[in-house]
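The values are calculated or read from the model by the stated rules, or taken from the named source; none is laboratory data. Owing to the predicted nature of the structure, the values given are computational and were not obtained by experimental measurement. Note that each Cβ is placed from the backbone with ideal geometry, even for glycine, and that neighbours are counted across all protein chains shown. Side chains included, ligands, DNA and RNA excluded: accessible areas come from the protein's heavy atoms. Shrake-Rupley method; radii C 1.70, N 1.55, O 1.52, S 1.80 Å.
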Amino acid sequence: MDTKRRQLLRIAAAGVGMGFAASPLEALACRPTTPAKPNHLLIDVHCHIFNADDLAVRGFANHIFMHTSGRGVLNIGNWLSRMVDWLGQLSAPGIRTETRLLESILTGRVDPYDAYCRVEHPHGGILAQASNYRLHNALAMMALYPETDLFVPAMVDMDAHLGDQALVTPRQQVDLMEYIFVITGGRFHGYAAFDPLRQVRYDEKRPNGRDSPLSPLRIVKRAVMEQGFVGIKLYPPMGFRPIGNAALDGCKGINPRAPKYDAVLRELFDWCAAERVPVITHCNDSNHANVHDSENSECQHVGSPRQWAQLYESHPEYRGHLKVDLGHFGRADMHSRNRLKLLDAERENWPNAPDLARQHAEDMKEAAGFIAAMAAHPESLFADLSNYDTLDTDRLRKAFSKDMREMIAAHPHLARQLMYGTDWFMTPQGAVPYLDNMRDALPPDRHGPFYGANAARFLGLRRGEATRRRLEAFYRKWGIADPDWFQRVDSTPAG
């Protein structure tokens, strides 16, 4: 999630003008909707519905948005981050308030739309997505995109690496999200967030407490096995790799416990491979903590596609069993945009053409890293094209379409590995055209598996597969019917 660009500026700007009038987005969320039936299976494999209470806002602002230490009375960044934190927590509903509303809905005492349209939230304006109820964000997405069969939102857990603490714990997030999965009738099933540093610290304090209900590993395992989650979310830009973390020892911005991460992650990956639990990882070179300030190349680009390929090379038993979504696919839409800029600059003799050429070369190098790793492990590594919000002109969409056609022609395996995602809290300004722009650039009649079949294979959603069996048990536990998209998944060619 490119929160740095998309959320933090909006939240900070709210200090000079917080709007609470209902926007068109909020009005949409207050209307019951039924899924539309497009001509193809549609799965948003990477999205978000959390709010400010789930994020360590002050730590995020200090260490990612401004790259400051957050220390010192005269540290302007520290004061700004505290203001952002205060605004977000002031406006977001408390966990108890939302839990009570969700339980009221689940027990049939109130109608979900009635409840969420009568309370003081939803907010409109700048703070909307960060300050609304999580269910409201989910309802808004359903209303904006009724043709989407399944949304797969990712939780966040950055507290340990940011030296801060969100108001809502990961376990509380998991419990609340389970309610949302039920209330939305299976239109949402998410990824439970896991941070190896949180587990290492827990083990240091309770060396014999791995089976405790508060063990981070135990929390995410229970989330998947019993609470309707379909996978695990990792965020390596906080300062860890999928393998080889001992090499980070002594790196600037890296926690000194880094050498202990491999054992924790190995336990997680062993379990994921055995139970066929997919993993989504932030794999774009963005939203990194202070690690990237280091001059040592060993310390940079943590969690790169190459490092994920190294995981399979070191542990061949994971191949085909541990499936990983490399989030954002190197932002290939930005490559197209920068290529057009470079063409314009060279044609018009702009003085910044050399700089644009270097940037475009870096862009292509990043994309090549994704392609090489995915080519080496085609049944294990996937990637989502999420947060591709630059496709807002006909010229850009045509350029992106051309670039992707050429890329897939040169690397046919990508046709079975690339997946659609938004990475969004949906905003009124940009949400409505996003899917239309994507379908204009990548028409479903030529890229059908991209919109759903590849995600179904990555997640294990077909009849008889592990995730599908867990979801079927989840619906039986809650006494609700299987969602219609089960049939659509089973009737869609595998791609």
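Among 197, 263, 243, flag the residue with its Cα farthest along the positive direction of the charge dipole of the range 192-265, charges on Cβ as +1 for Lys/Arg and -1 for Asp/Glu.
Checking the options against the dipole of the range 192-265, the answer is 197.
As I understand it, the dipole of the range 439-495 uses +1 on the Cβ of Lys and Arg and -1 on the Cβ of Asp and Glu, about the Cα centre. Which of 454, 475, 487 lies farthest toward its positive end?
Checked the options; the winner is 475.
Projected onto the charge dipole of the range 347-409 (+1 at Lys/Arg Cβ, -1 at Asp/Glu Cβ, origin at the Cα centre), which of 400, 368, 386 gives the Cα projection farthest towards the positive end?
Result: 400, furthest along the dipole toward the positive end.
Ordered by packing density, taken as the mean number of other Cβ atoms within 10 Å over each peptide's residues, highest first, how do 343-349, 47-53 rank?
Taking the mean over residues of other Cβ atoms within 10 Å, the ranking is 47-53, 343-349.
For the range 324-408, what does the accessible surface come to per residue with a 1.4 Å probe? Please give it in Å².
Values: 3700 Å² over 85 residues.
In whole numbers, the range 324-408 has 44 Å² accessible per residue.
Which aspartates and glutamates, on any chain, are close to residue 398 with Cα under 18 Å apart, when same-chain ones fewer than 8 places away are left out?
333, 344, 389, 406, 436, 440, 445
Bin width 5 Å, alpha-carbon pairs only: give the P(r) of the range 132-191 as whole percents, running from 0 to the bin holding the largest distance.
Pair shares across the bins are 4, 16, 28, 22, 14, 9, 6, 1, 0.
Need one word for the range 378-476: rounded, prolate or oblate. Basis is the Cα gyration tensor (sqrt eigenvalues a ≥ b ≥ c); a/c below 1.5 gives rounded, then a/b vs b/c decides.
Details: a/c = 2.83, a/b = 1.45, b/c = 1.95.
It comes out oblate by the Cα gyration axes.
Which ³J(HN,Hα) values, rounded to whole Hz and listed in residue order, are derived for the range 301-308 from phi using the Karplus coefficients 6.51, -1.76 and 1.60 in 6.51 cos²θ - 1.76 cosθ + 1.60 with θ = phi - 60°, glycine and proline given as x?
6, 5, x, 6, x, 4, 5, 5
Which of the peptides 276-283, 350-357 is most tightly packed, and how do the rest follow, judged by the mean count of other Cβ atoms within 10 Å per residue? Don't skip to the end; give the middle numbers.
Details: 276-283: 24.4, 350-357: 13.2.
For the peptides 276-283, 350-357, the packing ranking is 276-283, 350-357.
Please list 143-156, 441-454 highest first by mean number of surrounding beta-carbon atoms within 10 Å per residue. Walk me through the numbers on the way to the answer.
On the way: 143-156: 22.4, 441-454: 20.8.
So the order, starting with the most tightly packed, is 143-156, 441-454.
Residue-wise, which Karplus ³J(HN,Hα) couplings in Hz belong to the range 384-396, taking 6.51 cos²θ - 1.76 cosθ + 1.60, θ = phi - 60°, and x for glycine or proline?
Using θ = phi - 60°, the values come out as 10, 9, 10, 6, 9, 8, 8, 7, 9, 10, 4, 5, 5 Hz.
Say each of residue 252 and residue 350 gets a label point 7 Å from the Cα, pointing the same way as Cα to Cβ; how far apart are those two points in nm?
3.1 nm
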